[in-house]
């Protein structure tokens, strides 16, 4: 019997990607640790584990290219944080259970999700993990049963919008994490750099010297036409991601072209010692 067949209520997936990423200062859903955005990776982890998967967004994010490729559920009302996203999903599909995941969990792997689903207790309001730090519930990698909607809505109506506190006050089943550190969330540029370094494979750890050239808007935002640096970036995409931490670039990779050693290249092109990399923004018409 598969995981999908063994439960009472159908299990749907919800990736919370409606946050404003104020501390990170850039969209956490678009950050890349594994060669693709965190939103893409988190949605891929749900494949085969839920019957349908959705992305939770604010109304203004519905046309965002990264999010718009997936089925969306818009927070209503907004600005309630994760609890608002969960309630919106429960309102759209009230008779299913929701496997809720934050989009800022780069260390999350399939084993942690499989253990959560296998231990799910449909008779409880929710099934969640305990934090490895303080033993409190981890609300953003948890399964919320249909019966959790009314008490969660009542809590939010009373001004208690913290889903962790809701789980503490409910009859949630709390589990020990099979993989310590799997639910570490990343909220700041410093944490992003540390997590990126921790997730690099040995082949990615080789430091190399490269030269970078900038044009047009990128030149203005970098404040220079070129620079040389030592980097552990394995690909052109990773190099741009690294440089984006130094300079206030506003253009996503999807709007740029990249050239390596005077030839147009893919973003996945491996970098080697002495490469010259050029990031080329779109040319204004007229």
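The values are calculated or read from the model by the stated rules, or taken from the named source; none is laboratory data. Bear in mind the structure is a predicted one, so any value in this text is a computation, not a measurement. Note that we place each Cβ from the backbone using ideal geometry, even for glycine, and neighbour counts take in every protein chain shown.
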- [ ] State all residues of the range 222-241 that are touching a strand residue (DSSP E or B) at 6+ places or on another chain (Cβ under 8 Å) and surrounded by fewer than 16 Cβ atoms within 10 Å (Cβ to Cβ); if no residue qualifies, say none.
- [x] 224, 225, 226, 227, 228, 229, 230
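Got a sec? Which of 176, 190 is within 26 Å of residue 107 (Cβ to Cβ), modelled with pLDDT of 90 or more and exposed (fewer than 14 other Cβ atoms within 10 Å of the Cβ)? Reasoning before the result, please.
Numbers: 190 fails: modelled with pLDDT of 90 or more.
Result of the check over 176, 190: 176.
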Open item on the list: Condition (residue is surrounded by fewer than 16 Cβ atoms within 10 Å (Cβ to Cβ), within 18 Å of residue 53 (Cβ to Cβ) and in contact with a strand residue (DSSP E or B) (Cβ under 7 Å, 6 or more places away or on another chain)) applied to the range 77-89: is it met by at least one residue?
Closed with: no
- [ ] With a cut-off of at least 1 residues that are under 25 Å from residue 255 (Cβ atoms) and either within 12 Å of the chain's Cα centre (by Cα) or assigned by TED's automatic domain parsing to the domain that holds residue 151 (or both), name the strands (runs of 3 or more DSSP E) lying wholly within the range 1-103.
- [x] 11-16, 53-57, 72-74
Task: Near pairs, Cβ below 6 angstrom, 6+ apart or cross-chain, from the range 253-264 (without any contact (Cβ under 8 Å) to a residue 12 or more places away in the chain) to any residue that is surrounded by fewer than 16 Cβ atoms within 10 Å (Cβ to Cβ) and assigned to a helix (DSSP H, G or I) - done: none
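Table: residues versus (1) out of contact with any strand residue (DSSP E or B) (no Cβ under 7 Å at 6 or more places or on another chain); (2) at negative phi.
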{"residue": "100", "(1), (2)": "no, yes"}
{"residue": "114", "(1), (2)": "yes, yes"}
{"residue": "137", "(1), (2)": "no, yes"}
{"residue": "141", "(1), (2)": "no, yes"}
{"residue": "150", "(1), (2)": "yes, yes"}
{"residue": "153", "(1), (2)": "yes, yes"}
{"residue": "156", "(1), (2)": "yes, yes"}
{"residue": "159", "(1), (2)": "yes, no"}
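Among the residues of the range 119-139, which ones are more than 14 Å from residue 176 (Cβ to Cβ) and surrounded by fewer than 21 Cβ atoms within 10 Å (Cβ to Cβ)?
121, 122, 123, 124
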Open item on the list: Among the residues that make up the range 251-268, is at least one of them modelled with pLDDT under 90, over 18 Å from residue 215 (Cβ atoms), part of a loop (DSSP other than H, G, I, E, B) and in contact with a helix residue (DSSP H, G or I) (Cβ under 6 Å, 6 or more places away or on another chain)?
Closed with: no
